[in-house]
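Please read the structure below before turning to the comments.
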Ligand code: ZN
């Protein structure tokens, strides 16, 4: 298993649509090794998720994992390791929330991205088993962030108010307490 280099905003691969993985490819040792590399890379970088585009690959797969007290996102509800292959995502109602996000491909920048509060996510796991799940709140935001990557979309595109861009240091100093209170209230209301 290898830690792969993560590309940053401006690399055209982040603006391309990742291509569906066939059943044969999904089962292949090469693809399975790539999934392991994505997981290893996400964990090494301390990310909550990582999409193939971010390691300059256009296979339609992303990984998500949020442990308790995540180093970058300690306020996020835990998400067990989830491999999403050929995912699609649909809002299940019209409610949105502004979620303060960062991205491993956008070093030292955060901003308030508009996200659907409740979504249905359809995907295959790494064994090729289909899943259809409802995700809510910050967890819904995490899934939207990763599926966006696979569609060539970045969180920057979801920021409605550019005055909310901030460095991680300024988030800690000026914005974290208010955001965490807002995020906790959202999760308490809608779950994850
Ligand atoms: Zn990202």
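No value in this document is a laboratory result; all are computed from the given coordinates. Please read these numbers as outputs of a predicted model, since none were measured by experiment. FYI the Cβ positions are ideal-geometry reconstructions off the backbone, even for glycines, and counts take in every protein chain you see.
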Test of understanding: in a Gaussian network model of the chain with alpha carbons linked when under 10 Å, which of 30, 49, 137 would top the mean-square fluctuation ranking? 30
Most mobile of 136, 15, 115 per a Gaussian network model of the chain (Cα springs, under 10 Å)? 15
Between residue 175 and residue 45, what length in nm is gained on full extension when 0.36 nm per residue of separation is reduced by their alpha carbon distance? 44.5 nm
If one takes the longest principal axis of the Cα atoms in the chain, at what angle in degrees, from 0 to 90 and to the nearest 10, does the Cα axis of helix 176-190 lie? 70
Measure nothing fancy, just the Cα-based angle from helix 29-45's long axis to the longest principal axis of the chain, in degrees from 0 to 90, nearest 10. 20
The stretch 20-152 - convex hull of the alpha-carbon atoms, volume per residue in Å³: 99
Counting DSSP beta bridges in the stretch 12-190, what percent are antiparallel, to the nearest 5? 95
What ranking of 88, 132 emerges when the number of other C-beta atoms within 10 Å of each C-beta is taken as an exposure proxy, fewest first? 132, 88
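Could you list 7, 159 in order of exposure, starting from the residue whose Cβ has the fewest other Cβ atoms within 10 Å?
Values: 7 17, 159 20.
Ascending number of Cβ neighbours within 10 Å: 7, 159.
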So the angle from the long Cα axis of helix 137-150 to the longest Cα principal axis of the chain, reported in degrees to the nearest 10, equals 50
Rank the residues 176, 76 as a footprinting-exposure proxy: fewest other Cβ atoms within 10 Å of their Cβ go first. 176, 76
